[in-house]
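Structure first, then comments.
Please treat every number below as a calculation from the coordinates, not as lab data. It should be emphasised that the depicted structure is a prediction, and the values quoted were computed from it without experimental measurement. Cβ atoms come from the backbone with ideal geometry, glycine included; neighbour counts cover every protein chain shown.
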Amino acid sequence: MSPEVRQASADQAEFLAALIEAGLLLESGVPGVYGHSDTFEEIRERLAERLSAEASSRGAERLRFPPVLPRRQLESSGYLASFPHLAGSVYSFEGDEADARVQADRAAAHEDWSEFQHPTELTMMPAACYPVYPAIARRGRLPAGGVFVDAGGAWVFRHEPSHDPMRRQIFHQHELVRIAEPDAVLEWRDEWANRGLELLRGFGLAAELDVANDPFFGRRGRMLARNQQAERLKLELLVPIAGPEPTACASFNHHRDHFGSNYGIELSDGSTAHTACLGFGHERIVLGLLRTHGFDPATWPAAVRAELWPDR
Amino acid sequence: MSDHTITQIRNVLAQHGRLSTNVEALAPDDDLFAAGLSSHASVNVMLAIEDAFDIEFPDSMLTRSVFSSISAIADAVGQLQGEPAAG
């Protein structure tokens, strides 16, 4: 059964059509999955460099991971309890030659061939910070002061097909992760929320910082969302791109000891580490820049160009 | 609220609350979040309370304050069972 595709507002539909017409986005035939033009990638890569430079000048260590997660890790993370509707799993063929022929024939006729597909050891990457926690846990007790990781602009997957160009099924989420003492983690999260706000405003975007919640599933999700709001665990940078609602372009998340206890990450004194992560949505920020300043970066205000192309 | 209700709530908290404090040592009005109840654990407590009392919390009651103490949970259970809230 096909999932429901979220409809776009008139403003969003018009923006998407203009991006495709201009060749900035390349259609795949699936809502929320697009290729990028040379111009789009030039802006996105400059943004990624800028974010990584901000992190590295403050002591971040670069780690990079492929866009798939070991299934075991997704299973033990609690993701399927909170976000069953967004998760994607990698399935692959199991069978004999006769099965393969039937599968190929059904696929060629666009009929259901799922009975030959079985779960692999992999799932799609739900959030770019997920592989960071077990990797750090494996090192043993943290050094004094904890760690700061730049996980880069990694591909992440959310199964939420939509005709809104800001809502992708697969996109680059640039995550920075802090794992340390409780006070240091909260301070870092709040400091970066303000740094992110200044950064986006420096790009000429009308960004605002607000308290937010994750799109948790179902009734338990409504309670989790209210708890998250009440405890200010999630902050977002909202930018008006294509109405009616502003778009969340970055989020700043405080996990308390959720990942620290899940993966057994210990501070130098043996107590459980706290974690926070922040994620900048590359594509959403690029779309914000294109909508605000126009489709040709050569004509953007000099101050904005200087932020992204400081060497020109 | 009856002693039996309180005992059942304590049992649910012991099984699902993952508190840093011994449940038996908590007074009815003690703050459960201060006693180590996490957001995820509070949701599991909510679901287990529904099972234990055969009730369903309406959306308006799926809040942090309803699960903030043993007596707050007992009040909510009482309301849903049509009993007087205080007692």
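For A:ARG106 and A:ALA81, a Förster radius of 30 Å and the Cβ-Cβ distance give a FRET efficiency of 0.35, rounded to the nearest 0.05.
At 7 Å along Cα-to-Cβ for each site, give me the label-to-label distance between A:ASP190 and A:TRP155 in nm. With each label placed 7 Å out from Cα toward Cβ, I get 3.9 nm. Computed from point charges on the beta carbon alone (+1 for Lys and Arg, -1 for Asp and Glu), the dipole magnitude for the range A:121-236 about its Cα centre is near 420 Debye. A helix-only calculation puts chain A at -11500 deg cm²/dmol for mean residue ellipticity at 222 nm, using -39500 (n - 2.57) for each DSSP H run of at least four residues, averaged over all residues.
Using only Cα coordinates, the Kirkwood hydrodynamic radius of the range A:1-41 works out to 11.2 Å. With the convex hull of its Cα atoms as the shape, chain A has an orientation-averaged projected area of 18.1 nm².
Can you tell me the mean projection area, over all orientations, of the convex hull of the range A:146-227's alpha carbons? Units nm², please. Result: 7.4 nm².
Give the value in nm², to one decimal: projected area of the alpha carbon convex hull of chain B, averaged over all directions. Please list the in-between numbers first.
Working: hull surface 19.7 nm².
So the Cα hull casts an average projection of 4.9 nm².
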